[in-house]
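One structure is given here, and the rest of the page talks about it.
The values are calculated or read from the model by the stated rules, or taken from the named source; none is laboratory data. Here the structure is a predicted model, which means the values were calculated and not measured. When we count neighbours, we look across all protein chains shown, and the Cβ atoms used for this are built from the backbone with ideal geometry, even at glycine.
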Amino acid sequence: MDAKEILLSHLRETIDLTSEEESMECDSYKETHLKKKEVLLFAGEISNHMRFIAAGSLRAYHMDGSG
C-alpha cells in the first residue's frame with residue numbers, strides 16, 4: 001500500500017469521505033521522504049502544511065537558552 005492510500009485509509013477510519021473529497025485530498029497530496037537525521041523544520045520556522053507519517057517516526061525536541 002502506498003503512502004497516499006495509507007493516508008486515505010486513516011481518514012476513512014475517522015470521517016466519511018465522498019469520492020470527490022478523496023479525489024481532492026489526493027490532488028493536494030505531496031509525498032516527501034526524509035533521510036535519517038534530516039531536519040523537517042528548523043527553529044523559528046513555521047509549518048504551513050499538515051503532516052502525515054505513513055512509515056517510520058519523527059523525533060521532536062526543544063532546546064533551551066543554554067543549548
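Filtering region 17-31 down to residues that are loosely packed, with under 12 Cβ neighbours inside 10 Å and among the charged types (D, E, K, R), which residue is nearest to His49 (Cα to Cα)? Out of the qualifying residues, it is Lys30.
This table checks each residue for (1) touching a helix residue (DSSP H, G or I) at 6+ places or on another chain (Cβ under 9 Å); (2) modelled with pLDDT of 90 or more; (3) among the small types (Gly, Ala, Ser).
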{"residue": "Thr14", "(1), (2), (3)": "no, yes, no"}
{"residue": "Glu20", "(1), (2), (3)": "no, yes, no"}
{"residue": "Asp27", "(1), (2), (3)": "no, no, no"}
{"residue": "Glu31", "(1), (2), (3)": "yes, no, no"}
{"residue": "Leu41", "(1), (2), (3)": "no, no, no"}
{"residue": "Asn48", "(1), (2), (3)": "no, no, no"}
{"residue": "Met63", "(1), (2), (3)": "no, no, no"}
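Modelled with pLDDT of 90 or more and more than 13 Å from the chain's Cα centre (by Cα): is that true of Ser9 in this structure? Considered against the rule, which asks whether it is modelled with pLDDT of 90 or more and more than 13 Å from the chain's Cα centre (by Cα), Ser9 comes out as yes.
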